[in-house]
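Colleague: My questions all concern the structure below.
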Amino acid sequence: MVDTSTVWEPHTVVTDELIDPTPVAALASIFDDGLPTPLPGDELPPLWHWVALPRWAESSQLSVDGHPFRGSFLPPIELPRRMFAGGSVEFRAPLHVGDTTRRESRVESVTEKDGRSGKLVLVTVATTLHGSDGEPAVIEHQNLIYRDAAAPSDARDRPSPDAASAFVPSGAPVVARDDGGWDLRTDPTLLMRFSAATANTHRIHYDWPYATGVEGYPGLVVHGPLMSLALAETHRLSGDSRAISSLSHRNSAPLFCGQDAWLRSEDSDGGRTVSLIGPRGLDAGPHTSIDLQFAD
């Protein structure tokens with residue numbers, strides 16, 4: 001699973017990066033939810049650093065799946081299917097659009113496991129973003145899972161390319177429901193725009209033949225970070241002025257482009273849980289969930 005023929009050691013990568021107003025404005029346009037676009041000098045909303053600090057790899061460094069080759073920052077894992085499994089984020093101080101932050105990233109752990117669907121490798125990446133005063137402002141741990149590719153799904157069990165071409169842009173992706181929740185609406189245009197805004201070149205999000213024929217998915221895969229950001233965005237949409245001090249998020253099952261999905265929010269002591277319920281329904285559990293904790 002991990003290529004032992006290649007010498008690899010975890011190492012810390014330190015970079016000074018602009019909290020770029022351009023992708024921040026792009027994400028605001030993607031959400032199109034009527035909230036003001038964060039401008040230079042404004043606080044960056046929770047999790048928007050995923051968009052504000054994009055990393056574009058050189059074209060020559062991209063592997064067959066669209067991701068950069070492994071074996072440099074990430075370990076040389078041979079399993080082909082990569083998934084964003086979740087993580088946790090602590091917000092110690094606000095970051096501001098237009099500022100420069102120092103980012104320190106390191107692979108914290110690499111764990112091989114036997115899962116229900118076979119061998120897998122769990123990689124945890126730790127990242128610290130520093131504020132303008134040099135102190136840690138955001139401390140994050142991201143979990144990535146690598147698995148074997150599934151057998152290509154039977155053509156009778158997945159939408160045809162003709163069906164994919166019938167998608168039309170669905171407007172704002174997060175739309176309020178009468179019952180107090182939100183619908184999440186996805187289409188290929190949304191996935192393409194989010195891939196571009198986040199410098200995400202993983203082909204499962206935009207390349208139908210690759211997603212279905214190589215990695216065995218029944219359609220284009222909705223980004224894990226897009227689902228988590230949509231869940232976090234409901235906090236701003238609710239008008240709640242409390243600052244988020246920390247959050248944890250978990251992606252339990254993939255959502256595919258165009259599938260019905262809705263967001264449900266439940267308050268708890270000192271926090272709130274927002275869940276994404278897909279076509280499997282409530283009994284099957286959420287596809288994605290996020291637990292928010294608020295500052296005192």
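Colleague: Find how many whole Å separate the alpha carbon centroid of the stretch 182-258 from the alpha carbon centroid of the stretch 81-150.
Modeller: Comparing the Cα centres of the stretch 81-150 and the stretch 182-258, I get a distance of 17 Å.
Colleague: Another question, if that's okay. Return the label of the correct value of volume of the Cα convex hull per residue in Å³, as calculated from the structure shown, out of (1) 167; (2) 132; (3) 145.
Modeller: Read-out taken from this structure: (3).
Colleague: For the chain, what is the calculated [θ] at 222 nm in deg cm²/dmol (nearest 500), taking -39500 (n - 2.57) for each run of four or more DSSP H residues and dividing by its residue count?
Modeller: -4500 deg cm²/dmol
Colleague: Once you've got the GNM for the chain with C-alpha springs shorter than 10 Å, pick whichever of 132, 246, 60 has the biggest mean-square fluctuation.
Modeller: Of 132, 246, 60, the most mobile in the Gaussian network model is 60.
Colleague: Which residue fluctuates most in the GNM of the chain (Cα springs below 10 Å): 58, 135, 104?
Modeller: Taking springs between Cα atoms under 10 Å, the residue moving most is 58.
Colleague: Compute the FRET efficiency between residue 236 and residue 88 as 1/(1 + (r/R0)^6), taking r as their Cβ-Cβ distance and R0 = 25 Å, and round to the nearest 0.05.
Modeller: Efficiency, rounded to the nearest 0.05: 0.80.
Colleague: Between residue 64 and residue 296, take the C-beta separation as r, use R0 = 51 Å, and let me know the FRET efficiency to the nearest 0.05.
Modeller: E between residue 64 and residue 296, to the nearest 0.05, is 0.55.
Colleague: Using R₀ = 25 Å, calculate the FRET efficiency as 1/(1 + (r/R₀)^6) where r is the Cβ-Cβ separation of residue 17 and residue 273; round to 0.05.
Modeller: For residue 17 and residue 273, the calculated efficiency is 0.20.
Colleague: Given 0.36 nm per residue, what is the gain on full extension from residue 150 to residue 7 after removing their alpha carbon distance, in nm? All intermediate terms of the calculation are to be shown ahead of the outcome.
Modeller: On the way: separation 143, 0.36 × 143 = 51.48 nm, distance 2.84 nm.
Between residue 150 and residue 7, full extension yields 48.6 nm more.
Bear in mind these aren't lab numbers, they're just calculated from the coordinates by the rules spelled out. Note that the structure is predicted; figures quoted are calculated from it, not measured. Here Cβ is always computed from backbone atoms with ideal geometry, including for glycine, and neighbour counts include all displayed protein chains.
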